[in-house]
1. Antiparallel versus total DSSP beta bridges in the chain: what percent is that, nearest 5?
2. Please report the antiparallel percentage of DSSP beta bridges with both residues in region 45-139, rounded to the nearest 5.
3. Cα extents of region 37-136 along the three principal axes, largest first, in whole Å?
4. Which value, in Å², gives the accessible area per residue of region 95-183 when a 1.4 Å probe is used on the protein heavy atoms?
5. Specify which labelled value, from (i) 43; (ii) 28; (iii) 34, agrees with percent of Cα pairs over 25 Å apart derived from the coordinates of the model shown.
6. Between LEU177 and THR92, with labels modelled 7 Å along Cα→Cβ, what's the label distance in nm to one decimal, could you check?
7. Rank-order 77-90, 122-135, 43-56 by packing density, defined as the average count of other C-beta atoms within 10 Å over each peptide's residues, highest first.
Amino acid sequence: TYGGAMALTAHPEASLRQRTGEAFEEKRAIARRAAIEVRAGETVLLDAGSTVGALAHELRSAKELTVATTGLTALQELSDVETVHVECLGGTLRPLSQGFVGPLTEAALERMTFDRVFLGTDGISPEHGICEADLRQTRLKELMARRADHVYVLAHAAKLGRRPFHAWAKLPADWTLVTDDDA
């Protein structure tokens, strides 16, 4: 603005490390519930984020599972599990989210389909969809949702109706919210 400055976002984006400690028990409960949806033999896509990372931890006991991910947390959780085949959808690493984005990630997605995708979010709104800090993240989430038969959004109650940023990913007509008891 003339003679002044404007913030690009209403709130600064918290790092993955900061978010991991927030609503810890709720995220673990969401992850346990989401893990029930996964079947042996499926190919599952995991987003980056702390709640999806908690889901990756729950999937350590899975058998005959293929997991593709854009998140370093999921990679770390599953890297030593012999019964889970892990595919990394590389690209440009966003240090704050510890997730990969960009054209290389998108190109990898175009060559795969998934039984289920589990998406994280900074906020979610029925009117707008999934709210994120970066347009590359929202584009990627839309692509991820289009490549899967079943779409799940993992979000604890504090994220419902929250609009901390101005970048949005539209959700398909049919998707499932996995949340906690405070919703």
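1. Numbers: 10 of 31 bridges.
Within the chain, antiparallel bridges account for around 30 percent of the total.
2. Details: 7 of 16 bridges.
The antiparallel proportion sits near 45 percent.
3. For region 37-136, the Cα spread along each principal axis is 36, 28, 24 Å.
4. With all protein chains present, region 95-183 gives 49 Å² per residue.
5. Looking at percent of Cα pairs over 25 Å apart for this model, the match is (ii).
6. The two pseudo-label positions are separated by 3.2 nm.
7. Descending mean neighbour count gives 43-56, 122-135, 77-90.
The values are calculated or read from the model by the stated rules, or taken from the named source; none is laboratory data. Please read these numbers as outputs of a predicted model, since none were measured by experiment. In this analysis, Cβ positions are derived from the backbone assuming ideal geometry, glycine residues included, and neighbour counts consider all displayed protein chains. Just the protein is used for accessible areas: all its heavy atoms, side chains included, with ligands, DNA and RNA removed. Shrake-Rupley method; radii C 1.70, N 1.55, O 1.52, S 1.80 Å.
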